[in-house]
Structures are given as structure tokens and as C-alpha cells.
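For reference, the structure is listed below as C-alpha cells.
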Amino acid sequence: MQSLQKSTSQSLSQIGESLIVETQTTDYETRINRDRPACFVFLIDQSGSMSDSWGGDTSKSKAEMVALYVNNAMNELINACQKTEAEPRHYFDIAVIGYGQKSNEAQILWEGNLACKTFVSPAELKQNPTGNNGEIEVIRRTFKGETKVKIPVVYWFSPVAASLTPMGSAFDKCTEILNDWTNQHANSFPPIVINITDGEQTDCEADELLEKAYQLRQTKTLYGKTLLFNVHISASTEQSVVFPESMDELPQNKQSRLLYDMSSMLPMAFKQRIATEVKKTDLRENTEFVAMTFQASVSDMIKCLDIGTKTIKTV
């Protein structure tokens, strides 16, 4: 838990420190502002198998840890937009799609005052949490070093693990809302989608799901196509793989290999950061990284989100 709080705070509150400002429309190289917000969509597997334990940790289910992770991500996206004004700036449009629960179709997960919305702003998130569990102490990194601060534990989603895995429906739903969003935000940074799953889709064949992922990745703005990150979590204790360079790094697991084929190849703006901060090495010529993790721990998931967000710079 402590590791999750520390890592998430450090990564998301530093969002946007490294993107080079360009006047031309270079792929994946543009700042975001209130007139040109970025877009994040989380796809959350809520099927029955999410009630199993996460790796070797039997204290929490996969559903509980994913809910904790996504709720922390929401909090940190709010913090990243909190500047001098009372309310956070509208730097992001955020959507969360769940698949599983009681339905054979994916659904937008906002509740309460946000229930009728598809995308919400950081200010709307801040104003409309589902609940509050007091305060926690976290470590934040600033230009002066690390410091401990207390933050409220607010949340928007509760753990859910029920029914089947209509992942194909989730991809269709995501493509639908991103077509609308990109049509209205052609000058924005391309959407980033993070799909968190532990199992095999139940509503389509593998080749159909691969096509659905391809169609999702074809949605685009003037600065590039949508980036799809897949986070494959598991109850096993196999070694994790983060941003693989080839399928050979993955075990003989047909679902992880399918997710590999579905994931985006990451552009240069992301590759340099992965090489230096994740792989701890220099970026080699012709190196390619795939936007996925296998057997992800919480820290692995944070790395995935971290690389997917802190490349974008706010103004």
C-alpha cells in the first residue's frame, strides 16, 4: 500500500515534464492546455475472476487492487491540474469503462452526479467523489526533494468482480466515444487508453478482438493515433514483463500474446523515457517498446500509467 501511494504520487503529480514544444504537428509532440485537453480512458475488467488474489498477495483481490489503483490515478490527475485557482484546470477529459458486472455489455462507470456523463473534467471529479475514507500520508517529490503530505482518500469506484468478460464490447464502446472526442479535439494530444484485464474475452473470438483493437488505435488527432496500453494482471507469481521489446519476452500464454499484438508500438517521445527510467539503459537504435505489461504488480501498473502520462506537458 505504501509503495502504491508513493509511486503514484511521484509519477502523476510530475505529469508533463518532458514534451518538447513544436509549432508544427509532429506526432505525439504538443503541449496541452484548457483549450486543447488530453484524453484518458481506463478500461476495467470487472469479471468474476477479478475476485481472485493478485499474484502472491492473498490479502487483496485483483478487483480491490485495481480499484485502489484507478482511484489513486483519479486523485493524482486532479492534483496535476491544480494550479493557482481554487479548482483544477481542465487539462484532461477522463472516461472509465467497465466490462463484466451484471451485463454482457461494457458500460461507463460514473455514478451519482456524473452518471449521465461520458467524459468528465478534473474539476468535476474533485466535486463529485462517491465516498471518502479519511486521510492518508503520501510522499511527494518536488524540486526541493521528497516531502510527506496528508491527502483525503476519496474514491469514485468500488471493487467489482462478477459475470463474464465482454472485452470486445469495451473496445467497441471506447472506439465510439473516441471517434466523437477526436472529431471535437483535432488539435489535441492523441488519446491514451489503458486496458486492465486478467482474463480472456468471452464475447468474441481472438481475431475479432484484434480487429477491434486495431480500429480503436485508428482513432486519431492531428498529432497521431490513439495509444493503447494493455495491463495483463494475474494470480500467478510469474516474473513481470514491462514494455517488452518482443513477444519472446512473454511466457507461453495465449492471452498475454494476444494483448501484445493488440497494444501500440510506442513513439520516440515515449521510448527515451522507457529506456532511461524503466529499463535503466541507453536507448539503442531501432529499439521498439510495446505498450503493455504482463503479470503486473501495482508498481508495474504505475509504470504503465506513468509513461502514458508524464510525456505530455501542461501549460
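Per-structure values
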{"read-out": "Counted residues, region 220-241 - those being in contact with a strand residue (DSSP E or B) (Cβ under 7 Å, 6 or more places away or on another chain) and within 19 Å of L43 (Cβ to Cβ)", "value": "8"}
{"read-out": "Helices (runs of 4 or more DSSP H) lying entirely in region 178-284 (those with 1 or more residues that are in contact (Cβ under 8 Å) with a residue 24 or more places away in the chain and under 20 Å from I94 (Cα atoms))", "value": "206-218"}
{"read-out": "Strands (runs of 3 or more DSSP E) completely within region 36-128 that count 3 or more residues being β-branched (V, I, T)", "value": "92-100"}
{"read-out": "A67 vs. criteria buried (at least 21 other Cβ atoms within 10 Å of the Cβ), among the small types (G, A, S) and over 13 Å from the mean Cα position of the chain (by Cα)", "value": "no"}
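Matching residues to (1) modelled with pLDDT under 95; (2) buried (at least 16 other Cβ atoms within 10 Å of the Cβ); (3) at positive phi:
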residue	(1), (2), (3)
H232	yes, yes, no
S236	yes, no, no
S240	yes, yes, no
S256	yes, yes, no
Y260	no, yes, no
F270	yes, yes, no
D282	yes, no, no
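Residue-wise test of (1) surrounded by 18 or more Cβ atoms within 10 Å (Cβ to Cβ); (2) under 22 Å from V241 (Cβ atoms); (3) at pLDDT 80 or above; (4) not small (G, A, S).
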| site | (1), (2), (3), (4) |
| --- | --- |
| S7 | yes, yes, no, no |
| Q10 | yes, no, no, yes |
| I20 | no, no, no, yes |
| D35 | no, no, yes, yes |
| S47 | yes, no, yes, no |
| M50 | yes, yes, yes, yes |
| N71 | yes, no, yes, yes |
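The values are calculated or read from the model by the stated rules, or taken from the named source; none is laboratory data. Model, not experiment: these values are computed from the prediction. No Cβ is skipped: glycine too gets one built from the backbone with ideal geometry, and neighbour counts run over all protein chains shown.
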